[in-house]
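Working notes, beginning with the structure itself.
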Amino acid sequence: METPYEIRSLFISSSPFLLIPFIVAIAALIWALWKPRPLDTIPTIGPSCPLSSYIGALQFMFRGREMLQEGYQRFYDGGMFKVPILDRWMVVLVGKKLSEELRSAPEDVFSLDQALMLHLDFVFSKKVYLNPIHTTLMKTKMSKTIGVLTPAMYDECIQAFEQHMPLDESKEWKAVPCLATGRQISTIVNNRIIVGYPLCCEPEFINLNLRFIVDMFQCRMLIVGRLVTNIPSEIAVGRRLLKPVLDEHSKILEESDSDWSALPNDMLSWLMASVPKDETLDTMTRRILGVNVAAIHTISHTFTHSLLYLAANQELITPIRQEVEKAVAEDGWTKNAMGKLYLLDSFLKEVLRFNGTQAWSLNRIALKDFTFSDSTFIPKGTSIAACATPVHMDPSVYPEPEKFDAYWFYRMMQRDGEANQHLVVKTSLEYLPFGHGSHACQGRFFAANQLKLMIGHLLLNYDIELETPGVVPQQIWFEAAVLPHQTANILYRKRQS
Ligand code: HEM
């Protein structure tokens with residue numbers, strides 16, 4: 001190997017002309033790294049130099065929440081800043097004026113679909129993401145049929161709890177991992193109306209969906225991750241599990257003279273009725289996995305956070321139980337009954353104020369150049385979002401924002417007599433866990449109904465407690481995402497009173 005001294009003598013002894021390509025290459029590298037870019041005018045939180053921004057991206061992984069809070073405070077009167085993530089910059093808006101401009105911009109200027117699909121084209125394939133019928137069905141059919149689907153979901157709820165939190169007569173507490181159990185129960189209940197019974201409670205199918213989300217996010221974060229990803233083998237497992245169900249559906253159609261109403265009322269049947277004729281088992285599988293990605297992570301995390309907050313705030317259990325008992329006595333386990341659970345709704349809304357899935361919202365990609373009213377220029381291709389958690393923790397919006405108050409929204413519902421204006425599904429620029437505007441989460445009505453079914457069933461049948469009573473196990477912040485504690489146990493036993 002050449003020593004530094006030998007390298008130096010190589011340069012000295014070379015003809016100056018031989019050095020020219022070397023100097024040009026260095027100059028080109030410096031230019032590529034330091035050339036002026038349109039986003040340079042937007043202030044950075046964390047290091048902003050081309051190379052040190054990678055250190056900033058690492059910082060953002062572990063201090064994302066604090067960095068967003070810092071940006072929010074610096075530009076409190078309205079403005080924007082950027083934070084580095086591994087493969088790009090994220091521009092983050094502060095203040096209602098600019099957030100409203102982002103929210104109301106048309107889809108061909110700022111796109112949610114493109115932001116959701118970033119780096120995921122290979123997971124879902126062009127045919128699926130250019131024709132997202134499954135997303136349309138989630139927005140239309142799924143939300144509209146909540147009432148019809150609720151009894152089947154409740155039926156599955158009973159089975160899923162019985163399987164993962166079995167009860168006996170003992171007064172002793174039993175421990176189960178809260179997140180892992182919450183994920184299993186939520187995914188089973190959800191899939192009752194995605195793929196129907198019995199695939200919805202097939203452990204191989206449930207675990208496939210739970211692994212798929214994790215692997216998908218890994219590919220998205222580490223773009224090179226797609227070289228060593230499990231996604232293709234997971235899609236193969238999905239095809240194997242879905243094929244007999246699809247064959248069965250086709251047989252029912254044949255025997256009923258193409259009477260679509262003879263099929264079970266679930267996403268799989270709706271998809272069969274809606275996809276193009278040349279749809280394959282492969283694309284159908286990707287669609288079903290995609291629906292699960294939208295539905296199960298969000299619901300299961302919210303369910304887990306909710307259990308931990310309820311267990312830590314035992315004084316909430318009796319009033320919420322009484323509310324559920326009254327509604328169910330009047331209307332059974334129906335959408336109507338779930339609509340009467342105002343205190344539970346207020347509790348869920350407070351859980352999501354503290355633990356919305358992301359610290360930012362209105363996540364978009366610019367499909368065209370755009371200039372905001374404060375004259376900031378955003379070039380095509382920029383990732384952009386609006387602050388969410390900092391707004392949820394702003395004392396001028398929510399007095400004593402750090403205090404968990406399950407009655408906060410309940411009091412608002414009672415105070416002005418317009419309960420619907422304060423429900424968890426009601427979005428605004430001050431309440432952003434479901435986004436806001438025309439792209440606000442279309443599954444939120446469905447999610448609220450399912451969460452109330454699961455929590456209602458739990459409270460009517462179980463006592464719950466934490467290993468350290470009164471202390472909610474610390475959530476995990478990763479970049480802008482908030483996750484429930486990964487391993488904390490929940491203690492449970494049959495309801496004693
Ligand atoms: C607690 C549960 C949930 C949370 C916190 C949540 C959160 C969100 C958020 C933040 C967005 C983006 C909104 C925006 O940027 O403006 C979104 C979009 C969406 N969500 Fe949810 N979601 C939940 C449950 C669900 C469920 C259960 C489904 C399906 C059944 C679903 C389907 C969708 C769809 C289809 C969109 C895209 C809407 C569009 O393109 O217009 N979500 N969700």
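Readers should treat all values here as calculations from the given coordinates under stated rules, not as data from a laboratory. Since this is a predicted model, take the numbers as computed values, not measurements. All Cβ positions, even for glycine, are placed from backbone atoms using ideal geometry, and neighbour counts span all protein chains on display.
As an exercise, identify the trypsin sites (Lys or Arg not before Pro) in the stretch 374-426 lying in DSSP coil whose Cβ has no more than 10 other Cβ atoms within 10 Å. The qualifying sites are Lys403.
Fewest-first ordering of Arg37, Arg211 by other beta carbons within 10 Å of each residue's beta carbon gives Arg37, Arg211. Stretched out straight at 0.36 nm per residue, the stretch from Ser497 to Arg415 would grow longer than its current Cα-Cα span by 26.3 nm. Working note: 222 nm ellipticity from helices only, DSSP H runs with n ≥ 4, each -39,500 (n - 2.57), summed and divided by the residues of the chain, gives -16500 deg cm²/dmol to the nearest 500. Dipole orientation for the stretch 44-494: of the candidates Gly332, Phe110, Ile296, Phe110 has the Cα lying most toward the positive pole (charges on Cβ; Lys, Arg +1; Asp, Glu -1).
By the count of neighbouring beta-carbon atoms within 10 Å, fewest first, Thr376, Thr304 end up ordered Thr376, Thr304.
Normalized C-alpha radius of gyration of the chain, against 2.2 N^0.38 Å?
1.10
Computed 3J(HN,Hα) for the stretch 339-344, one whole-Hz value per residue from the Karplus formula 6.51 cos²θ - 1.76 cosθ + 1.60 where θ = phi - 60°, is x, 9, 8, 6, 5, 5, glycine and proline marked x.
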